[in-house]
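The values are calculated or read from the model by the stated rules, or taken from the named source; none is laboratory data. Just so you know, these numbers come straight off a predicted model, no measurement behind them. We place every Cβ from the backbone using ideal geometry, glycine too, and count neighbours over all the protein chains shown.
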Amino acid sequence: MDVPSLAARRDELLRQLRAVGPVFRGSLGRVRLTCGKSNCRCRPVRAGGAGRRHVAFYASYRAGGRAQVFQVPADQVAQVRAARAAWGRMKALLEKLAEAQVSLWRAQHEQEKQRRKVEGFRAGAVRDRGARAGVGAEADGRAARRRRRAGGATPAP
């Protein structure tokens, strides 16, 4: 691909990354608990209760090298799940963005190599024309070196 299209791809990924929204790097878990009240529905069946435990949600994450846990209210569970999904999308976008940036740098490098190669040929063509016109050894240093390697320091024809 050419440099402008790679740059446009990178810019599009950056726009998508900005639109991800809130993210959460951690996990969300559901636990079933008994509260301990004597007349609650969560009391075990063998103790005369219905045996339906209370449901609670906890989010856990790592901060400063330590695991952190907090309870998530039931009305915020959907938000935490969406933020967790957004974290996965963000990671995938960052991977694509890194690959796009490397591709862009490689394409720019190849473009620069081609530009230098073309300029080198142009400069070489000018140098060769000057040597053929009898300008001297300064204009055609390569030919003089070849003659010296061949065994003789004969003057240029």
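From the list 108, 79, 71, the one residue that fits, being over 31 Å from the mean Cα position of the chain (by Cα) and exposed (fewer than 14 other Cβ atoms within 10 Å of the Cβ), is 71. Filtering region 11-25 for residues that are at pLDDT 80 or above, surrounded by 13 or more Cβ atoms within 10 Å (Cβ to Cβ), over 26 Å from residue 96 (Cα atoms) and β-branched (Val, Ile, Thr) leaves an empty set. Kindly establish whether residue 72 is in contact (Cβ under 8 Å) with a residue 40 or more places away in the chain and over 30 Å from residue 14 (Cβ atoms). Yes, satisfied. Does residue 10 qualify as being closer than 30 Å to residue 108 by Cα, without any contact (Cβ under 8 Å) to a residue 24 or more places away in the chain and in a helix (DSSP H, G or I)? No. What residue, among those in region 13-31 that are small (Gly, Ala, Ser) and either part of a strand (DSSP E or B) or touching a Pro at 6+ places or on another chain (Cβ under 9 Å) (or both), is nearest to residue 81 (Cα to Cα)? Once the filter is applied, the top-ranked residue is 27.
If you go through region 16-42 and keep only what is among the small types (Gly, Ala, Ser) and touching a Ser or Thr at 6+ places or on another chain (Cβ under 6 Å), you end up with 26, 27. In region 32-71, which residue that is charged (D, E, K, R) and modelled with pLDDT of 90 or more is farthest from residue 83 (Cα to Cα)? Residue satisfying both the conditions and the ranking: 66. The lone criterion from (1) free of Cβ contacts under 8 Å to residues at least 60 places away in the same chain; (2) assigned to a helix (DSSP H, G or I) left unmet by residue 101 is number (1).
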